[in-house]
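These notes are about the structure you will find just below.
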Amino acid sequence: MSGGLALKSTPAPIVACTIARDVQTFDLLIDDIEAELGEAWGDLNFLEAQAFLVQPEADDLEFVAIAVDDEDEPDVELLLRVIELAKARNVKVILIAEDVSPPTLHRLLNAGADDFVPYPLPERAFHQSLERIRAGHTLAAQRADAGPESPNQQDAPPQAPAPIRHATTNMGDRVTFAVQSMAGGTGATTLATNLAWELATIDKKDPPTVCLVDLDLQFGSVSTYLDLTRRDVVFEMLSEAQNMDVDAFKQALQSYDGKLSVFTAPSDILPLDLIGPVEVGALLDFAQSCFDIVVVDMPSAIVQWTETVLNRSDVYFATLELDMRSAQNTLRFIKALQAEDLPLDKVHYVLNRAPRGLDMNGKARVKRLAESLGITLNTQLPDGTKQVTQACDHGAPLAEMAKKNPLRKDIAKLAKTLHEAIKAEAAAS
Ligand SMILES: Nc1ncnc2c1ncn2[C@@H]1O[C@H](COP(=O)(O)OP(=O)(O)OP(=O)(O)O)[C@@H](O)[C@H]1O
Ligand SMILES: [Mg+2]
């Protein structure tokens with residue numbers, strides 16, 4: 001516990017992308033491409049694809065999966081242009097179509113699609129299509145009456161998706177994670193709440209016990225995001241923690257759906273220095289003694305007891321966004337920690353609302369931000385659109401309200417990585 005943890009991951013290079021009016025309408029495709037490539041793919045709409053496929057970065061793609069339905073038929077000229085551009089870059093094209101009329105389908109296939117799969121995707125159909133194009137068994141080859149493959153096809157060896165690695169060290173079987181926002185509203189509470197929920201539900205048979213502690217005493221919103229009431233007993237517990245016992249701590253907890261225990265913020269706005277390192281230490285002792293995993297949501301201000309939580313955490317997540325406000329605050333946060341000689345190696349920076357896979361301009365800005373701060377930004381969470389705020393307002397974790405939301409999926413992956421690290425540490429000790 002609190003031995004420090006280094007989460008390292010290399011964002012996978014993008015080797016494929018889906019092209020669709022709205023890829024969320026083809027959720028089976030998202031599942032299948034994720035199963036094949038993990039993170040190594042992006043998604044574009046038709047206009048974005050047209051712009052991207054003329055850039056040199058497009059040469060890195062192995063294939064594009066173009067998904068169309070009857071609503072796209074009026075835009076067939078644009079679709080044909082996208083296929084042409086992909087072919088000109090020697091990028092393979094898998095056409096996925098639902099309810100498209102035979103004449104349109106005929107035109108799209110003749111424009112050079114390498115393979116065709118109907119939607120909804122039959123079981124393993126996408127996998128088999130990928131095998132066919134990788135083996136060079138393309139429609140174009142068939143059209144050429146099984147003649148020799150074009151030199152271009154021979155030049156494109158199958159690329160295995162780069163694995164995403166997370167390395168962890170020094171985790172016991174009881175762990176504490178904390179989350180602090182580098183600038184208000186960068187998603188700390190959303191991450192803390194959903195990470196706690198994903199961890200609490202990660203294993204149906206043997207889930208870890210998880211306690212989410214809201215220490216944002218003034219504007220803590222965990223109770224809002226999980227639709228729990230704020231209890232007066234919390235105030236007593238906070239101000240007198242060192243004189244309380246574990247039963248009093250348990251009584252101050254509330255349960256979300258019987259699976260996640262929550263220590264909410266108090267009902268009234270309290271000064272952040274109402275509590276000090278002693279009270280916070282005592283509170284964390286109770287939580288750590290009762291639960292396998294403790295997740296602490298911190299205020300965005302640095303307080304006297306930030307050090308207490310940092311020292312007791314295995315990973316201290318710092319959320320930021322791609323803007324000057326986050327950059328400047330993060331720099332000041334780093335300097336403050338350095339000045340006090342605090343364990344900066346426990347801080348794991350999380351870029352929220354990060355640019356998507358093929359947004360090269362955005363990616364360059366991320367690189368510049370990380371370089372200028374001297375940090376790595378290995379965990380990048382996507383914009384989950386209005387669905388995220390709706391789930392927060394509704395008082396439910398994303399997994400309950402919007403299971404397929406991209407932000408939910410990435411937080412679930414982070415939870416899985418952390419859970420595996422905990423199990424591996426436990427097995428090694
Ligand atoms: N990746 C995302 N995609 C879409 N909406 C998001 C995302 N992350 C956070 N939000 C929304 O942004 C708002 C602020 O998020 P949140 O409360 O988690 O931030 P915070 O850093 O804890 O803020 P505060 O500093 O007020 O504690 C919420 O409405 C939340 O639903
Ligand atoms: Mg918050």
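Do you know which of the residues in segment 179-217 that are closer than 23 Å to residue 347 by Cβ and polar (S, T, N, Q) is nearest to ligand 2 (Cβ to nearest atom)?
Ranking the candidates gives 189 first.
What's the total number of residues in segment 187-228 that are of a type in the set (Val, Ile, Thr) and over 19 Å from residue 389 (Cα atoms)?
Residues that pass the stated criteria total 5.
Of all residues being free of Cβ contacts under 8 Å to residues at least 40 places away in the same chain, surrounded by fewer than 18 Cβ atoms within 10 Å (Cβ to Cβ) and outside any loop (DSSP other than H, G, I, E, B) in segment 341-381, which is nearest to ligand 2 (Cβ to nearest atom)? Just the residue, please.
344
Would you confirm whether any residue within segment 211-224 is in the same structural domain as residue 273 (by TED's automatic domain parsing) and away from ligand 1 (no atom under 16 Å from the Cβ)?
Within segment 211-224 (the criterion being in the same structural domain as residue 273 (by TED's automatic domain parsing) and away from ligand 1 (no atom under 16 Å from the Cβ)), the answer is yes, since at least one residue qualifies.
If residue 301 satisfies all but one of (1) assigned to a loop (DSSP other than H, G, I, E, B); (2) crowded, with 24+ Cβ neighbours inside 10 Å, what's the number of the condition it fails?
So residue 301 meets the others, but not (2).
Residue check: is residue 176 at pLDDT below 90 and away from ligand 2 (no atom under 16 Å from the Cβ)?
no
Considering 415, 426, which residue is closer than 20 Å to residue 34 by Cα and part of a helix (DSSP H, G or I)?
Of the residues listed, the single one that is closer than 20 Å to residue 34 by Cα and part of a helix (DSSP H, G or I) is 415.
The values are calculated or read from the model by the stated rules, or taken from the named source; none is laboratory data. Fair warning: this is a prediction, and the values are worked out from it, not measured in the lab. Reconstructed Cβ throughout: ideal geometry from the backbone, glycine too, with neighbour counts over all protein chains shown.
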